[in-house]
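> One structure follows; several queries about it will come next.
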Amino acid sequence: MTDPQKDTPALPPKTPEKRFPKAAVDFIDTLLDVQRSRFEKELASLDPEISWQKKPSSVDLLAESDAFVGSGWGSLDFAKDGTGRRWMARIGTILLSADLSAGGQLSLAGGGYLKRRFLSDLTVWVDDVPIDGTIRRVGIKNWTFEGKIPPLQDRPYHIVRLQTTGIRRSDLGPDTHASIALAGIRFNG
């Protein structure tokens, strides 16, 4: 009697599916959209008359700090000059606990980009309010964004959303796609 296991030729190892990483990024983008919608519904359900604890009128968040809370960001990475940064795919959100009732200046310090187009397509939002601003490339791969936030309703936190139209395979790891990197956020009210 022959063993069917030994007579069956071994299957060749499966090659990685080239479309999988893009499908995974699309799925993550969808999850981030759902999470943003949930945050917005929670914020909309809050009583506008509630008095929150006093928040600072200026905030500095570094990508390497524990206060950098959000979704859509990769793990902490360091540029050649030692600056900490976090890469995002198409969408990245950060919770900003600051007093925006009088508006103020928002500054983003970018730590890299994979294509210039990702910078030119970048949009910045705070609580679904688009922020008009200017993006400048600094040095070889760094960038800055300067924009004015209009006065917004008092909330325990605000959601800063960065969004770009594309991604590109990066050398940060296998099946890793990214667009831009953020090193820090500064808000001055």
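Each reported figure results from applying straightforward, stated rules to the coordinates on display, with no laboratory input. Source: prediction; values computed, not measured. Ideal geometry is used to build each Cβ from the backbone, glycine not excepted, and the neighbour counts take in all protein chains shown.
> Could you check how many residues of the stretch 104-123 are hydroxyl-bearing (Ser, Thr, Tyr) and crowded, with 20+ Cβ neighbours inside 10 Å?
Residues that pass the stated criteria total 1.
> Continuing with the same structure: Looking at Ala102, is it assigned to a loop (DSSP other than H, G, I, E, B) and in contact (Cβ under 8 Å) with a residue 40 or more places away in the chain?
yes
> Could you list, in sequence order, the residues of the stretch 70-121 that are over 15 Å from the mean Cα position of the chain (by Cα), over 24 Å from Pro151 (Cα atoms) and among the small types (Gly, Ala, Ser)?
Across the stretch 70-121, the qualifying residues are Ala79, Gly82, Ser120.
> In the stretch 116-147, what count of residues is obtained for those that are part of a loop (DSSP other than H, G, I, E, B), free of Cβ contacts under 8 Å to residues at least 24 places away in the same chain and more than 27 Å from Gln35 (Cα to Cα)?
Matching residues across the stretch 116-147 total 2.
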